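Colleague: One structure, pasted below without further comment.
The values are calculated or read from the model by the stated rules, or taken from the named source; none is laboratory data. The shown structure was predicted, so the numbers you read here are calculated from the model rather than taken from an experiment. Positions of Cβ are backbone-derived with ideal geometry, glycine not excepted, and every protein chain shown enters the neighbour counts.
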Ligand SMILES: [Zn+2]
């Protein structure tokens, strides 16, 4: 990594910091989660099966968005395909966070999309969170399903697997990953009391307009 620019080094460190944060917060367990950040015509992504605690910037893998070839000490995360395909398909996305948080995964096991049970769903771009159909982890089929489930959205669930959140920065993608698990927990709790009522598309549209005027993280309420 001797030739890496300061910008690339900062991104490598940001991936490590957010991987550790993801485990400390309980959003993820072990090394099942992974994080990528766009870097020019490539992406930087966490390596496969390496404990986050000992990760160093040189352990982060660089993968070409064009052909998927990688450069680094280790192979990239086994989920590199959907990270690459999402970054290739979405100009608005700079970072991708994938994990298996408990409540998101519980809903995903039932292939249950999240409806507009809370106005905060609007931060993901619409009035629902879709579920990508099941396919084997690491497969092209899973990647194709994920890209489709994310259309017009900043997050989706993956059936029998977990979730993906994307953002215009790593800070946004990570924040959305945490917000999604909160929303999943709230929906799970609401389901326990019966069939929850949902907000209308018009009500969600008003929140989306309001968010557009305020910017995203930090200024919500
Ligand atoms: Zn996974």
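Colleague: Taking the condition of being within 13 Å of the ligand (Cβ to nearest atom), under 23 Å from residue 182 (Cβ atoms) and out of contact with any strand residue (DSSP E or B) (no Cβ under 6 Å at 6 or more places or on another chain), how many residues in the range 138-161 meet it?
Modeller: 2
Colleague: Residues 177, 141, 132: which one is under 23 Å from residue 44 (Cα atoms), at pLDDT 95 or above and crowded, with 24+ Cβ neighbours inside 10 Å? Working first, answer last.
Modeller: Numbers: 141 fails: crowded, with 24+ Cβ neighbours inside 10 Å; 132 fails: under 23 Å from residue 44 (Cα atoms).
Result: 177 is the single residue among 177, 141, 132 that is under 23 Å from residue 44 (Cα atoms), at pLDDT 95 or above and crowded, with 24+ Cβ neighbours inside 10 Å.
Colleague: I would also like to ask the following. Just to be sure before I move on: is residue 50 within 21 Å of residue 162 (Cα to Cα) and out of contact with any strand residue (DSSP E or B) (no Cβ under 8 Å at 6 or more places or on another chain) in the structure I sent?
Modeller: Working: within 21 Å of residue 162 (Cα to Cα): yes; out of contact with any strand residue (DSSP E or B) (no Cβ under 8 Å at 6 or more places or on another chain): yes.
Answer is yes for this residue.
Colleague: Considering only residues that are out of contact with any strand residue (DSSP E or B) (no Cβ under 7 Å at 6 or more places or on another chain) and within 16 Å of the ligand (Cβ to nearest atom), look in the range 83-108 and name the one that is farthest from residue 37 (Cα to Cα).
Modeller: If we take residues in the range 83-108 being out of contact with any strand residue (DSSP E or B) (no Cβ under 7 Å at 6 or more places or on another chain) and within 16 Å of the ligand (Cβ to nearest atom), then 106 is farthest from residue 37 (Cα to Cα).
Colleague: From the list 68, 72, which one is within 15 Å of residue 143 (Cβ to Cβ), more than 15 Å from the ligand (Cβ to nearest atom) and modelled with pLDDT under 95?
Modeller: Working: 72 fails: within 15 Å of residue 143 (Cβ to Cβ).
Exactly one residue qualifies, and that residue is 68.
Colleague: Evaluate the following for residue 166: is it within 16 Å of the ligand (Cβ to nearest atom) and surrounded by fewer than 20 Cβ atoms within 10 Å (Cβ to Cβ)? Don't jump to the end; show me each part of the working.
Modeller: Numbers: within 16 Å of the ligand (Cβ to nearest atom): yes; surrounded by fewer than 20 Cβ atoms within 10 Å (Cβ to Cβ): no.
So residue 166 fails the test.
Colleague: If you go through the range 35-58, how many residues are touching a helix residue (DSSP H, G or I) at 6+ places or on another chain (Cβ under 7 Å) and within 16 Å of the ligand (Cβ to nearest atom)?
Modeller: Qualifying residue count for the region: 7.
Colleague: Still on this model: From the residues in the range 124-137 that are in a loop (DSSP other than H, G, I, E, B) and closer than 15 Å to residue 184 by Cα, which one is farthest from the ligand (Cβ to nearest atom)?
Modeller: Start the filter on the range 124-137 by keeping residues that are in a loop (DSSP other than H, G, I, E, B), which leaves 125-128, 130, 133-137.
When the remaining residues are screened for being closer than 15 Å to residue 184 by Cα, the result is 127-128, 130.
Values: 127: 26, 128: 22, 130: 17 Å.
Only one residue tops the list, namely 127.
Colleague: With respect to residue 147, determine if the residue is surrounded by 17 or more Cβ atoms within 10 Å (Cβ to Cβ), at pLDDT 95 or above and under 20 Å from residue 208 (Cβ atoms). Walk me through it before giving the result.
Modeller: Details: surrounded by 17 or more Cβ atoms within 10 Å (Cβ to Cβ): yes; at pLDDT 95 or above: yes; under 20 Å from residue 208 (Cβ atoms): no.
Spelling it out, it is not the case that residue 147 is surrounded by 17 or more Cβ atoms within 10 Å (Cβ to Cβ), at pLDDT 95 or above and under 20 Å from residue 208 (Cβ atoms).
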